[in-house]
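A quick write-up on the structure given underneath.
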Amino acid sequence: MLEEILAGGFQALGIPLPEGAPALYRAYLTALAAANRDFNLTAIETEEGAARLHILDSAAVLKAADLRGKTVLDVGTGGGLPGLAVAIAEPSAKVTLLDATEKKIRFLEDFSKSAGIGVQCVAARAEELGHDPEYRERFDAVVSRAVARLRVLAELCLPFVKVGGVFLAMKAEDSDEEIAEAENALNTLGARLRDVYEYVIPGTDVTRRVAVVEKLAPTPEKYPRRWAAMQKKPL
């Protein structure tokens, strides 16, 4: 059943499904369900729900931007989404998974090594790592499904993006107001909204969006600020 859902879903999205990817996705969802018993990674418990709302939803970012051969950072990856799903769907992408919770990163590191998936896993706070020269403005693309509003999420993510690269923010269908309010933040951080890619997750009636933000200039050095400052006075 999983293989059929993935094959049909990838076809509906217009994304090639690499040979061997269904087996990797099955192994991942099995490991995710097992780890979920020990710490909260997902509220979705059925295989079909996880296949559609995790894997297919995550893979859809590959239609929003060409990530072939690109360096990609997933900020606030949690249980590995969308980054790990992207790494399986586009093996040529060089994906780094970032989360502040060490046990989540340990889970992703252990699974990716056992499955032979070449991702880098980093346990750190994005607002701190964003000032590290090893990571700042080093990525062609940064993706995130984090729940923060776009103007806050942009401050966390855009410092990692190279000039000329993109920030891909996965959002709900009713995100017009959130996207509009982020205009000042994007301008301040050296970026602009290039496009909003909208899609329906195959096999569901759920419409989702990817806000495609283009990095035009270096982000001023003072950003990102501390998390408390971002929340108290968003850009």
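What follows draws every value from the coordinates through simple rules; no lab data is involved. Values in this document were obtained by computation on a predicted structure and should not be read as measured data. For neighbour counting, all protein chains shown are included, and Cβ atoms are generated from backbone atoms with ideal geometry for every residue, glycine included.
Here is a list: Tyr199, Tyr135, Tyr223. Which entry is crowded, with 17+ Cβ neighbours inside 10 Å, in a strand (DSSP E or B) and among the aromatic types (Phe, Trp, Tyr)? Give the steps one after another, and end with the answer.
Working: Tyr135 fails: in a strand (DSSP E or B); Tyr223 fails: in a strand (DSSP E or B).
Step by step, each of Tyr199, Tyr135, Tyr223 is checked, and only Tyr199 is crowded, with 17+ Cβ neighbours inside 10 Å, in a strand (DSSP E or B) and among the aromatic types (Phe, Trp, Tyr).
Go through (1) over 22 Å from Tyr135 (Cα atoms); (2) over 18 Å from the mean Cα position of the chain (by Cα) for Val200 and report which single condition fails.
It fails just one condition, (2).
Going by the structure shown, is Arg225 of a type in the set (D, E, K, R) and more than 17 Å from the chain's Cα centre (by Cα)?
Numbers: of a type in the set (D, E, K, R): yes; more than 17 Å from the chain's Cα centre (by Cα): yes.
Taking the combined requirement at face value, the residue satisfies it.
Scan the range 75-93 and tell me whether some residue there is under 19 Å from Arg136 (Cβ atoms), of a type in the set (Val, Ile, Thr) and touching a helix residue (DSSP H, G or I) at 6+ places or on another chain (Cβ under 6 Å). If you could, list the steps in order and put the result at the bottom.
Kept after step one, since they are under 19 Å from Arg136 (Cβ atoms), are these residues of the range 75-93: 75-77, 83.
Narrowing the set further to residues that are of a type in the set (Val, Ile, Thr) leaves 75, 77.
Okay, now just the ones that are also touching a helix residue (DSSP H, G or I) at 6+ places or on another chain (Cβ under 6 Å), so 75, 77.
There is at least one residue in the range 75-93 that is under 19 Å from Arg136 (Cβ atoms), of a type in the set (Val, Ile, Thr) and touching a helix residue (DSSP H, G or I) at 6+ places or on another chain (Cβ under 6 Å).
Quick one: which of Leu84, Leu97, Leu73 is part of a helix (DSSP H, G or I), touching a strand residue (DSSP E or B) at 6+ places or on another chain (Cβ under 7 Å) and not hydroxyl-bearing (Ser, Thr, Tyr)?
None of the other options fit; the residue is Leu84.
Which ones in the range 150-191 are surrounded by fewer than 22 Cβ atoms within 10 Å (Cβ to Cβ), over 25 Å from His54 (Cβ atoms), touching a Lys or Arg at 6+ places or on another chain (Cβ under 9 Å) and not acidic (Asp, Glu)?
Lys162, Val163, Gly164, Asn184, Gly190 - these are the residues of the range 150-191 that are surrounded by fewer than 22 Cβ atoms within 10 Å (Cβ to Cβ), over 25 Å from His54 (Cβ atoms), touching a Lys or Arg at 6+ places or on another chain (Cβ under 9 Å) and not acidic (Asp, Glu).
Checking the structure you have, find out if any residue of the range 141-154 is of a type in the set (Ser, Thr, Tyr) and over 15 Å from the mean Cα position of the chain (by Cα).
Among the residues of the range 141-154, not one is of a type in the set (Ser, Thr, Tyr) and over 15 Å from the mean Cα position of the chain (by Cα), which makes the answer no.
Just to verify a result, which residue in the range 88-124, among those that are under 21 Å from Ile15 (Cα atoms), small (Gly, Ala, Ser) and in contact with a Lys or Arg (Cβ under 9 Å, 6 or more places away or on another chain), is surrounded by the most Cβ atoms within 10 Å (Cβ to Cβ)?
Of the residues in the range 88-124, the ones under 21 Å from Ile15 (Cα atoms) are 88-95, 117-119.
Next, only the ones that are small (Gly, Ala, Ser) stay: 89, 92-93, 118.
The next check asks that each one be in contact with a Lys or Arg (Cβ under 9 Å, 6 or more places away or on another chain); those that pass are 92-93, 118.
On the way: Ser92: 10, Ala93: 22, Gly118: 12.
Step by step, filter the range 88-124, then rank; the result is Ala93.
In this structure, does Arg106 turn out to be of a type in the set (Lys, Arg) and assigned to a loop (DSSP other than H, G, I, E, B)? Write out each step before concluding.
Working: of a type in the set (Lys, Arg): yes; assigned to a loop (DSSP other than H, G, I, E, B): no.
Criteria not met by Arg106.
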